[in-house]
Amino acid sequence: MTLTPDNYSLAIEFDGEINYSGKIIMNVDLLVYGYSFLTTQVDPCNYNTLSGFCPLVPENMTVPSATLSLSNSTISDIPSIAYSIPDLDAVARITILSKSTNESVTCIEARVINSTTVYQAGVSWTLAIITGLALFASTILSIIGYSNIATQISFRTLLFLGFMQSQAMAGLTAVEFKPLVQNWTQNFQWTMSIAHADFLNTITTWFQRATGGTAADLFSEAGDISVGLLKRSTKMLVKRSEPTTDGGSEVLLYGIIRMGYVAGIESTNIFMTGYLVFYFIALVMLLATMALKFGLPPILKTNRVKSRHTFGAQVDWQNFMRGNLCRIAYLSYPQFCVFSMWELYRRDSAAEVVLAITIWLVLTIILGSSTFRVFQHVRSSKGLSGTLTYPLYFDPACLTKWGCLYVHYKAETYYFIIPLLVYTIVKGMIIAFAQHNAMVQAIVLLIFEAGFLASTAVIRPYMDKKSNTFAITAAAINFVNAIFILVFSDIFNQPDLMTGIMGVLFFLYNAIFTLILTIFLLIGLFYAVRLKEPNPGSQRFYDNRASYQSTKGLIEMENRQPDELLALQEVVATAEEYHQQQRPYSPLGGSAKSSSGLHLDLSNNMSSESRWNIDHGHDGSIYNVRRSTAPPSPFDDPIEPTLPLIPSSSGISGRRVKE
């Protein structure tokens, strides 16, 4: 049924089987978000377009289109919300009565649509492109030395992607969603590698049949499919495919299968579709990394001033590729924690079960072994350095191979890797194994989200205040989503109107926070794009992460004892060979001179003309520029190293210095 208020018309389409004979009267109730706004009685004999219903005769009847003219007063009784909010949750409930006896013959419910929806392919593609560009940008920035900005963009990207994956996983739960909620979460199913393509359906169907499985026929027998609403849900009634109801003619689609049906994917092809899309994305990421390896050095060579060290010597590409594989496993883990577990229950074919077990075990081993090696490395190195910062952030091999797991955390809370991985695994199991019990699924999910929110808010593991604020907010919204999911499970037996209003609220606050995260990410990309190469008179040099201390550490030395300042002079003298062309600088007061003749100006009376700003990056290196020419940096250093100054014994890599 389609309502057009401009011309006061109601278009009706009907395709069904009639088993009653005689004249009828139709009592029509229009319910918008569970509230009855319109009640009227229709006699089909009074409308030429409904002549097929007067009288009824037992037959299969198809009415392609029948238009009824409604009065102005009838249209005015319908609230304007029915036209303005997309994915209208409206139902026309038609009770058919015998005209002669006034007894009820049957009751029919039909959705009333307003032809607008929040499920837009353009939205999904836009978000996917932004996410991909941000991941690529963070990789490039980390390679060329802008590790602080790369870390910030990487955090924003992972937070953005993780929040979208959480919304996609909410759409995979088995509760009864309003159309607005279901279609909103459908926008993010691409984050779980769910994408519709005809050739993918063909390949996955062939593979399943070739390995002994039986393919579903939801779309291949489209003529037998009937889509409708049950109570307040978007559950879909489909003939033949899937386990049937007691009558044997209908099935109820919910959770993961419902998501696949809306996406145009057969229920038996959902796992294999995600599996193939995952490999495609992983291949693209690896090829992009190889392109950087061979394409970036000549570009940098032709666009920057020559330095003492070539680009190729600064990047350990073997460790970098290992780190890239770890990142791919980290990004795709939520997907397979859901679909691999679900496939174990579904068992579409023996081969698919083997693939599900294998891919989950491989990803788990990669992430588990990487986490174990990080802990092992910290334990073995902490005794030598006396701090967590050095083994985590000053060891280039550890940072390159496993940094994607912990680089966004503070040094003392790097262990938060484990709670996050456990959270991902358990949440995936809750969604996968509780598809047939929506209420239990909602309760367990609520308890688990509450625990994760509490741990994030108490530990505050991320690198700075801003990052913790966004991460805690995202966890809080996921917790609120879990509360809404519990309500949608009908555990409180609330009125339909309350459920409808909560569905609108669910869409609004999730859409607002998604927009905020998008802007947050785009701002980071904007500042990254504005980075320019050094001026002609400047020199780019590379600095080992352990060679220098952060600005805060240097400023703290102002209050240390003279022997500590002497140690500082010795370190500066050792580093003089790397900085022969650089002018002496210091943010400290007083003055000192090293044995090699390198002068440390410790005067408190430096003029603004000669004073230098020191922007220390996440990697501990220093970026010195004059105050009069330095562009402001939007990124604060998330790391506060506590190591003494240690001269580098290897090639230098890091930041640029402007004269």
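Summing +1 for each Lys or Arg and -1 for each Asp or Glu, what net charge is found among the other residues whose Cβ lies under 11 Å from the Cβ of W402?
Values: positive: R322, R327, R373, K401; negative: D395.
Once positives and negatives cancel, what remains is +3.
As a footprinting exposure proxy, order T157, T2 by other Cβ within 10 Å, with the fewest listed first.
Working: T157 24, T2 14.
Fewest-to-most Cβ neighbours within 10 Å comes out as T2, T157.
Once the piece of chain linking V504 and S71 is laid out straight, how much longer is it, given 0.36 nm per residue of separation minus the C-alpha distance between them? Write out the running numbers ahead of the final one.
Values: separation 433, 0.36 × 433 = 155.88 nm, distance 2.93 nm.
Separation in residues times 0.36 nm, less the Cα-Cα distance, equals 152.9 nm.
So, counting K/R as plus one and D/E as minus one, what does the shell of residues with Cβ under 9 Å around P64 add up to?
Numbers: positive: none; negative: E13, D15.
So the surrounding residues net to -2.
Let me know the shape class of the stretch 2-112, please: from the alpha-carbon gyration tensor, a ≥ b ≥ c as square roots of the eigenvalues, rounded when a/c is under 1.5, otherwise prolate if a/b is greater than b/c, or oblate. Let's see the in-between values first.
Values: a/c = 1.84, a/b = 1.73, b/c = 1.06.
Prolate.
If we count every other residue with Cβ under 13 angstrom of T139's Cβ, Lys/Arg +1 and Asp/Glu -1, where does the sum land? Don't jump to the answer; show the numbers that get you there.
Working: positive: K293, R327; negative: none.
Spelling it out: positives minus negatives among the neighbours equals +2.
Evaluate the distance, in nm, between pseudo-label points positioned 7 Å from the Cα of T413 and of I491 along their respective Cα→Cβ axes.
In this crude label model, T413 to I491 measures out at 2.8 nm.
Past the 29 Å Cα-Cα mark, which pairs from K301/K465; K382/K465; K427/K466?
On the way: K301/K465 38 Å; K382/K465 26 Å; K427/K466 26 Å.
From K301/K465; K382/K465; K427/K466, over 29 Å: K301/K465.
Taking neighbour Cβ counts within 10 Å as the exposure measure, how do M1, M61, M272 sort from fewest upward?
Sorted ascending by nearby Cβ count, the order is M61, M1, M272.
How long is the gain from D15 to M290 if the chain were fully straight, where each residue apart is worth 0.36 nm and the alpha carbon distance is subtracted? All intermediate terms of the calculation are to be shown ahead of the outcome.
Details: separation 275, 0.36 × 275 = 99.00 nm, distance 5.64 nm.
Residue separation times 0.36 nm, minus the Cα-Cα distance, leaves 93.4 nm.
Using a ≥ b ≥ c from the Cα gyration tensor of the stretch 167-208 (square roots of the eigenvalues), is it rounded, prolate or oblate, where a/c under 1.5 gives rounded and otherwise the larger of a/b and b/c decides, a/b for prolate? Provide the component values of the computation, followed by the final result.
On the way: a/c = 2.65, a/b = 2.28, b/c = 1.16.
The shape class here is prolate.
Kindly identify the stretch 109-160 as rounded, prolate or oblate by the Cα gyration tensor criterion: order the square roots of the eigenvalues as a ≥ b ≥ c, call it rounded if a/c is under 1.5, otherwise compare a/b with b/c, prolate if a/b is larger, else oblate. Don't skip to the end; give the middle numbers.
Values: a/c = 6.89, a/b = 3.95, b/c = 1.74.
Verdict is prolate for the stretch 109-160.
Laboratory data are not the source of any read-out in this text; all were calculated from the coordinates shown. Bear in mind the structure is a predicted one, so any value in this text is a computation, not a measurement. Counting neighbours? That spans all protein chains shown, and the Cβs are built from the backbone with ideal geometry, glycine included.
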